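The values are calculated or read from the model by the stated rules, or taken from the named source; none is laboratory data. This is a predicted model, so every value here is computed, not measured. So basically every Cβ, Gly included, is an ideal-geometry build from the backbone, and we count neighbours across all protein chains shown. Remember, those area values only see protein heavy atoms, side chains included, never the ligands or the DNA or RNA. Shrake-Rupley method; radii C 1.70, N 1.55, O 1.52, S 1.80 Å.
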Amino acid sequence: EEVITTMIVTLTDAMGNVVTMQTQDLDGDGPNEPVVSGGTLSAGTTYTGSIVWLNEMEDPAEDITEEILEEDDEHQVFFSATGVVMDFTYSDFDSNNNPLGTQFELTTTDAGSGTVTITLIHEPTKPNDGTVDTAGGSIDIQTSFPVTVE
């Protein structure tokens with residue numbers, strides 16, 4: 001499994017507005033909790049999303065995204081929302097044409113607030129039903145980002 005201290009999620013709407021959500025845990029498994037920042041999204045809007053993973057315990061920071069893309073058949077990103085209704089669509093696929101999830105679309109519906117949970121699984125069963133519960137494998141990183149849809 002990769003050491004991942006930081007996950008940066010970038011969401012861009014059709015007008016070019018950018019929302020960035022991030023989790024950062026610079027002490028890894030140390031005593032400090034990760035610092036998580038969510039975002040405010042617009043209702044009824046589709047966002048183009050991308051994710052970058054870093055190991056900032058290295059100097060300079062190691063871009064783990066490159067390794068995930070190289071080992072795409074051994075990884076998958078899973079998306080879910082709680083308290084808000086959102087649709088997630090995969091935009092990239094592994095070498096066997098199974099969903100990968102480093103690139104995706106997120107479409108909001110009505111206003112509300114809740115969380116978006118993004119989970120990177122190492123060695124999931126592929127193909128799968130798109131849920132963490134049945135994916136198998138092990139979790140590389142999982143974060144629930146607070147979101148508001150207005």
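Worth a mention:
- Length gained on full extension, Thr46 to Phe93, computed as 0.36 nm times the residue gap minus the Cα-Cα distance: 14.9 nm.
- Segment Asp129-Ser80, extension gain: residue separation times 0.36 nm, minus the distance between their alpha carbons: 16.4 nm
- The spread of Cα positions in segment 40-150, taken along each principal axis and listed from longest to shortest, comes to 37, 35, 22 Å.
- Kirkwood hydrodynamic radius over Cα pairs of segment 1-104, then Stokes diffusion coefficient at 4 °C and 1.567 mPa s, in µm²/s: 86 µm²/s
- Packing-based order for 140-147, 16-23, using average beta carbon neighbours within 10 Å, highest first: 140-147, 16-23
- Note on Glu66 and Ser37: the model spin-label points, each 7 Å out from Cα along the C-beta direction, lie 2.5 nm apart.
- Residue order for Phe93, Phe104 - accessible surface, 1.4 angstrom probe, largest first: Phe93, Phe104
- For segment 1-136, a crude dipole built from +1 on the beta carbon of Lys and Arg and -1 on the beta carbon of Asp and Glu, taken about the Cα centre, is about 880 debye to the nearest 20.
- Whole-Hz couplings from phi, Karplus 6.51/-1.76/1.60, listed for segment 15-25; x for Gly and Pro: 8, x, 6, 10, 10, 10, 10, 8, 10, 9, 10
- Over segment 67-120, Cα pairs under 8 Å with separation of 6+ residues give a relative contact order of 43 percent.
- Averaging 1/r over each pair of different alpha-carbon atoms in segment 1-48 and inverting the result gives 12.4 Å, the Kirkwood hydrodynamic radius.
- Amide H within-cut-off set for Ser113, under 5 Å, with H built and near neighbours excluded: Val149
- Structure-based [θ]222 nm, the chain - -39500 (n - 2.57) summed over DSSP H runs of at least 4, per residue, nearest 500: -1500 deg cm²/dmol
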